[in-house]
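Heads up: the structure comes next, in C-alpha cells.
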Amino acid sequence: MNFTNFGKYILLLKAVFRKPEKTKIYMKAVFQQMDFIGVGSLGLISIIATFIGAVMTLQIAFQLVSDFIPKTVIGSVTRDSSILELSPTISAIVLAGKIGSAISSEIGTMRVTEQIDALEIMGINSPGYLILPKILAGITMVPLLVIFAMVLSITGGYIGGTLSGAVSPSEYIQGITTDFNPYTITVSLVKAFVFGFIITSVPAYEGFYVKGGALEVAQASTRAVVVSCIAILACDYIVTQLLL
Amino acid sequence: MIEIKDIHKSFGENNVLKGISGKFEAGVTNLIIGGSGSGKTTLLKCMIGLHHPETGSVEYDGREFTQMSFEERIEIRKEIGMLFQGSALFDSMTVEENIMFPLNMFTEQPRSEKLDRVNFCLDRVNLEGKNKLFPAELSGGMKKRVGIARAIAMNPKYLFCDEPNSGLDPKTSIVIDELIKELTEEYNTTTIVVTHDMNSVMGIGDYIMFLHEGKKFWEGSNKEIAHTDIQELNDFVFASRFMKAAKEKF
C-alpha cells in the first residue's frame, strides 16, 4: 500500500464506523458473517493446525538429539510455538486466503454491478453496511479460531510425537504443562484480534474501490490476499516486539 | 422539481460536462439524450451525488444538494428512487427482499405492512407472485421491472432511470417506457430518464435535453424534436434510415 492507498483506507474506515442506520439489521449481518468466517473455517483450521502441530513436534524431536536436553522440552517448545506464533499467524494467513478473497470479490462484484451505488442512492452508508459486520465478525471469530487452533496444534503434536515414537505421551504431557506462562495466550489473542481486523478490512478496501469488470475484481482479490499477508506478518512483528 | 445550474465535471484532463443548466419538472417524463460519451450518465451521477461536480448546483425543490453534508443528503436520498442500467438488484436477496430492503432500513412498519407494500409494488409492475425468485432466475425485462418496483417502494418524489431500455427487446422496452410514464403521472414524481433509445424519445419524451460533447445543445419536447434544424441533434436522432423515413412523415 502506498500512502495514497493508506489514506483512502483510513477514510474508508472512518465511513465504516459511522452510526448504523438500523442496528437490528447490522446485527443480523454480523451473525451471518460470524457463521461464514468462524463456523465456515473450522474444518480448514482444524486440518492445518493438527498437521502443523504434528510436523512441528517431529522436527523439534529431530533437532533436539542430545543427552543433555530432556525430551519434555519437545512438548514445551511445541506448546509455546503453537500458542505464540503458529496458531495465530498461520491461521491468519490461511484465513486471509479463504476469507479475504471472498470478501474482496463479493464487494468488488457489488461495485462493478452498481449494487453499491444502489445502496448509496437509497441513503445507506454502504461502507458501514457492507464492511462493519465483516470487521466485527473478524475480530470476534478469528481469536476463537486461534484458540481452537492452539488446542488442535498441541493435540496434533501429541498424536504425531507419540505415533512416531519421537516422544512418549508422559514426556509430552509433562512438557506442555511445565513452566506454562498464561501471558503467551494474551499475546496470541492480541495478535488474533489485529489479524482479524486486517483479514476483513484490507480485502474490503480492495473490493470497495474496484473499477472495471471481472478481470479487475479478480486482480483485486489477488491483491487483497497479498497485501493482507504482508500486513499480517508486519503486525506480527510489531505486536511481538511490543508485548514480549 | 429539480434544477441544475452550470454543472462542470472533469476526469483528469477530460472535461465531460461543460456548464449544463436546466429544469426538470414534476409529473412529466424528462429525458436526457445524447451519443455515447456525451456526458449524460455523468450528469445523472452528479445530480444524485455519486459524482461531485467541480462547480454548479443541484436543487431538489429548492434544497441545494451539492453542498449538503452526508447526513443531510441521506434525507434527500430517501426521496429518490433509481433504476440502474444493469438493474443493480442485490444478488443474494430474493425479489421480495430486494424490494423490502429500503423499507426495512428506513421504516418501523410491521412486516405484514411491508409485505403488502412489496406485493403492491410487484403488482404495479406486473410481477405478482414472483416474490421468492432470485435475480439470477429473472429475465432482463423482469429485472428492470423489479428494479422499478424497488425504486418506487418508498414512494419517491424523484425517480431516476439510467438507460432503462438497454439490452431489452423493442416490445419489452415499450412496456418499461409506459410503466415509467404511468408512474410519473400517477405519483407526480420528478422523473429523469437517461437514454439513447429513439422509441423512448418519441414515445415518452415530455421534456428532452440533448447533450453533445458535454454541453446542452437543445431542449424541447418529442413533438418539437422532429422540426429542429440543429445538425448535431438531427444527426443523432435521425441517424437510422427508419427514423429518417419517420421524420419525413411528420
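Report yes if A:Val16 is modelled with pLDDT of 95 or more and out of contact with any Lys or Arg (no Cβ under 6 Å at 6 or more places or on another chain), otherwise no.
Here the answer is yes, as A:Val16 does meet what is asked.
Please find, among A:Ser101, A:Ser76, the residue that is more than 17 Å from the chain's Cα centre (by Cα) and surrounded by 15 or more Cβ atoms within 10 Å (Cβ to Cβ). If you could, list the steps in order and put the result at the bottom.
Working: A:Ser101 fails: more than 17 Å from the chain's Cα centre (by Cα).
Result of the check over A:Ser101, A:Ser76: A:Ser76.
If B:Thr42 satisfies every condition in (1) out of contact with any helix residue (DSSP H, G or I) (no Cβ under 8 Å at 6 or more places or on another chain); (2) in a loop (DSSP other than H, G, I, E, B) but one, which is the exception?
(2)
Which residues, counting only those in region A:104-127, are more than 9 Å from chain B (Cβ to nearest Cβ) and either buried (at least 23 other Cβ atoms within 10 Å of the Cβ) or touching a Leu at 6+ places or on another chain (Cβ under 7 Å) (or both)?
A:Ser104, A:Ile107, A:Gly108, A:Ser126, A:Pro127
For region A:156-201, give me the residue count where each residue is under 24 Å from the mean Cα position of the chain (by Cα), buried (at least 16 other Cβ atoms within 10 Å of the Cβ) and of a type in the set (S, T, N, Q).
Within region A:156-201, residues that are under 24 Å from the mean Cα position of the chain (by Cα), buried (at least 16 other Cβ atoms within 10 Å of the Cβ) and of a type in the set (S, T, N, Q) number 4.
Can you name every residue in region A:9-60 that is among the small types (Gly, Ala, Ser) and either surrounded by 15 or more Cβ atoms within 10 Å (Cβ to Cβ) or within 14 Å of chain B (Cβ to nearest Cβ) (or both)?
Within region A:9-60, A:Ala15, A:Ala29, A:Gly38, A:Gly40, A:Ser41, A:Ser46, A:Ala49, A:Gly53, A:Ala54 qualify.
Determine whether region B:84-94 contains at least one residue that is β-branched (Val, Ile, Thr), touching a helix residue (DSSP H, G or I) at 6+ places or on another chain (Cβ under 7 Å) and more than 8 Å from every other protein chain (Cβ to nearest Cβ).
For region B:84-94, residues β-branched (Val, Ile, Thr), touching a helix residue (DSSP H, G or I) at 6+ places or on another chain (Cβ under 7 Å) and more than 8 Å from every other protein chain (Cβ to nearest Cβ): absent.
Taking B:Asp162 as the residue in question, decide whether it is assigned by TED's automatic domain parsing to the domain that holds B:Tyr207, surrounded by 22 or more Cβ atoms within 10 Å (Cβ to Cβ), touching a residue at least 24 places away in the same chain (Cβ under 8 Å) and of a type outside the set (Gly, Ala, Ser). Break it down into steps so the answer makes sense when it comes.
Values: assigned by TED's automatic domain parsing to the domain that holds B:Tyr207: yes; surrounded by 22 or more Cβ atoms within 10 Å (Cβ to Cβ): yes; touching a residue at least 24 places away in the same chain (Cβ under 8 Å): yes; of a type outside the set (Gly, Ala, Ser): yes.
Against the criterion (assigned by TED's automatic domain parsing to the domain that holds B:Tyr207, surrounded by 22 or more Cβ atoms within 10 Å (Cβ to Cβ), touching a residue at least 24 places away in the same chain (Cβ under 8 Å) and of a type outside the set (Gly, Ala, Ser)), B:Asp162 qualifies.
When you go through B:Leu43, B:Leu31 one by one, which is the residue that is away from every other protein chain (no Cβ under 14 Å), under 28 Å from A:Gly108 (Cβ atoms), crowded, with 17+ Cβ neighbours inside 10 Å and touching a residue at least 60 places away in the same chain (Cβ under 8 Å)? Give the derivation first.
Working: B:Leu31 fails: under 28 Å from A:Gly108 (Cβ atoms).
Sole residue among the options that is away from every other protein chain (no Cβ under 14 Å), under 28 Å from A:Gly108 (Cβ atoms), crowded, with 17+ Cβ neighbours inside 10 Å and touching a residue at least 60 places away in the same chain (Cβ under 8 Å): B:Leu43.
Confirm whether A:Leu130 is away from chain B (no Cβ under 14 Å) and assigned to a helix (DSSP H, G or I). Give the steps one after another, and end with the answer.
Values: away from chain B (no Cβ under 14 Å): no; assigned to a helix (DSSP H, G or I): yes.
Criteria not met by A:Leu130.
The values are calculated or read from the model by the stated rules, or taken from the named source; none is laboratory data. As the structure is a prediction and not an experimental result, all values here were calculated from the model. Quick reminder, even Gly has a Cβ in these numbers, built from the backbone with ideal geometry, and neighbours come from all protein chains shown.
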